Amino acid sequence: MTKKLHMVQIGCGYWGPNLVRNFLRNKEIERYVVCDNDQRMLSKISSEFSNVETSLDSRRFLNDPTIDAVVVALPAGMHSEFARHALLANKHVFIEKPMAMNTEDARELIRIGREKNKLIMVGHTFIYNSAVRRVKKYIDDGELGRIYYIFSQRLNLGKIRQDVNAMWNLAPHDVSIILYWLDAQPNDISATGRSFLQDGIEDLVFINLGFKSHQSAHIHVSWLDPCKTRKMVIVGSKKMLIYDDVSAENKITIFDKGIDKSLKNDLKHEIYDYARFNLENRVGDIIIPKLDFDEPLKEECKHFIECILTQRQPLTNGEDGLQVVKILEKAQECLEQKRKKEYTIPPMKNYPAYQIGA
């Protein structure tokens, strides 16, 4: 007989109800408790999910020996603290992204998880998206050829956060997808951003990733854009691809386009003068593959339960979470360095005033 699991979710803010709904789809869960410090939210959860317990006291359930697993869905800066307490209390842990706000805390969680023989799964939801997985297959099968670069945009008007910048809020998705697709770690990381609404909290960030294989990835995230955009463009030597998560029907579009390079007919030996090559545009078919799409969060929650019951490592485990945090931490260092340089520029009032028509 399959063991029935007892779980507690700590935190039930903006994303929390979605986790409750999807975890409760699993018949392997016998008891599900939601903890939050907002009684109004707990009352709302109780009215929507009659089979859920609620409590203002999360510590009580962290120390409850009958609880098998803990779902950490708190603000990002609290993820590692509560995940650490859960692991030390011998619970399996599901942590929403990002896993931690620095690599030291992420490594500590992995160490404790190994010591306690408990699973750590990070909520990189898009890895459980059927479109993202299909793109991964195209890349691995060589359908797109050698990957030149990936350009990602994750934009919207809000939701504005006050605890983290737009990069820590949005970019974990894009970074995790890129690492999954390329199966490689960047050796060159840089970032630039701007704080328009709140000092020291970037609303707009650009991240550049360079890889040893000469591939590159560029990530654009923003809370200040008129349109909701969730798009990734992949340019390969054979074909190009657009993954558009916002599109209801055309999640993936493949373009048989590219630039073909060949020696001119009168040359029969290798020459390094680019002017002696033919560079020709190639334009072929446009393909929109049919996808069997299911809610990624549903698949993610189901996977966590299966991993607990079968004692196997999740697809997005602690090591994967650590790699994402490493990149974001390095990018954050770049943002802070550039911010310090900007503060050293003399204020505009020290410059001569120029007026139109003067």
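Laboratory data are not the source of any read-out in this text; all were calculated from the coordinates shown. This structure is a prediction, so every number in the text was calculated from the model and none was measured. Every residue, glycine among them, receives a Cβ derived from its backbone with ideal geometry; neighbour counts consider all protein chains shown.
Give me the extension gain from residue 313 to residue 253: residue separation times 0.36 nm, minus the current Cα-Cα distance, reported in nm with one decimal.
Stretched fully, the residue 313-residue 253 segment lengthens by 18.4 nm.
Express in nm, to one decimal, how much length is gained between residue 224 and residue 199 on full extension, taking 0.36 nm for each residue of separation and deducting their alpha carbon distance.
7.5 nm
Taking Cα atoms, how many degrees apart are the long axis of helix 39-48 and the longest axis of the chain, rounded to 10 and kept between 0 and 90?
90
For the stretch 180-239, which chymotrypsin sites (Phe, Trp or Tyr not before Pro) pass both filters: DSSP loop (anything but H, G, I, E, B) and at most 14 other C-beta atoms within 10 Å?
196
Pop out the ³J(HN,Hα) list for the stretch 237-254 in order, Karplus 6.51 cos²θ - 1.76 cosθ + 1.60 with θ = phi - 60°, rounded to Hz; leave Gly and Pro as x.
6, 9, 9, 10, 9, 10, 10, 10, 6, 6, 5, 6, 10, 9, 4, 10, 10, 9
Please state the relative contact order of the chain as a whole percent: Cα pairs under 8 Å, 6+ residues apart?
The normalised contact order for the chain reaches 17 percent.
Taking amide hydrogens as modeled 1.01 Å from N in the peptide plane, which residues meet the under 5 Å criterion relative to residue 121, leaving out close sequence neighbours?
93, 94, 95
Output ³J(HN,Hα) for the stretch 181-198: one whole-Hz value per residue in order, computed from phi by the Karplus curve 6.51 cos²θ - 1.76 cosθ + 1.60 with θ = phi - 60°, and x for Gly and Pro.
Each residue's phi maps through the Karplus curve to give 5, 8, 6, 8, 10, x, 10, 9, 10, 9, 7, 9, x, 9, 10, 9, 9, 9 Hz.
I'd like to compare 132-138, 38-44: which one has the highest average count of other Cβ atoms within 10 Å, and what's the full order after that?
132-138, 38-44
Can you check what the net charge comes to around residue 229, using other residues whose Cβ is under 13 Å from the Cβ of residue 229 (Lys, Arg +1; Asp, Glu -1)?
Here the count lands on 0.
Straight-line reach from residue 27: which aspartates and glutamates have Cα under 12 Å away, leaving out those fewer than 8 places along the same chain?
Once the sequence-local aspartates and glutamates are set aside, what remains near residue 27 is 306.
Take the alpha carbon gyration tensor of the stretch 1-112, find the square roots of its eigenvalues, order them as a ≥ b ≥ c, and report rounded if a/c is under 1.5; if not, report prolate when a/b exceeds b/c, else oblate.
Since a/c reaches 1.5 but b/c is at least a/b, the shape of the stretch 1-112 is classed as oblate.
Tell me which residues come under 5 Å, amide H to amide H, from residue 225 once H is placed; ignore anything under 5 positions away on its chain.
156, 157, 158
So which lysines pass the test for residue 251, namely a Cα distance under 24 Å, with those fewer than 8 places away in the same chain ruled out?
Once the sequence-local lysines are set aside, what remains near residue 251 is 97, 136, 137, 159, 228, 231, 238, 239, 290, 298, 302.
Out of residues 5 or more away from residue 236 or on other chains, whose amide H comes under 5 Å of its own, with H placed 1.01 Å from N in the peptide plane?
Close amide H contacts, sequence-distant or interchain: 148, 241.
Under the rule a/c < 1.5 gives rounded, and otherwise a/b versus b/c splits prolate from oblate, where does the stretch 133-256 land using the Cα gyration tensor?
Oblate, because a/c is 1.5 or more while a/b does not exceed b/c.
Would you order 334, 12 from fewest to most other beta-carbon atoms within 10 Å of each residue's own beta-carbon?
Ascending Cβ contact count within 10 Å gives the list 334, 12.
Please list, in order along the stretch 88-97, the HN-Hα scalar couplings obtained from phi with the Karplus expression 6.51 cos²θ - 1.76 cosθ + 1.60 (θ = phi - 60°), rounded to whole Hz, x for Gly and Pro.
5, 8, 6, 10, 5, 10, 10, 10, 5, 6
Starting from a Cα-only point model with no solvent, please compute log10 I(q)/I(0) by Debye for the chain at q = 0.07, 0.11, 0.13, 0.16 1/Å.
-0.38, -0.84, -1.08, -1.45
Find the Cα radius of gyration of the stretch 110-194, compare it with 2.2 N^0.38 Å by division, and give the number to two decimals.
The value comes to 1.34.
Once you list every other residue whose beta carbon is under 12 Å from the beta carbon of residue 113, what net charge do they have if Lys and Arg are +1 and Asp and Glu are -1?
Taking every Cβ under 12 Å from that of residue 113, the sum is +4.
Run lengths n ≥ 4 of DSSP H only: what is the helix-derived mean residue ellipticity at 222 nm for the chain, with -39500 (n - 2.57) per run over all residues, to the nearest 500?
Here the helix-only value at 222 nm equals -10000 deg cm²/dmol.
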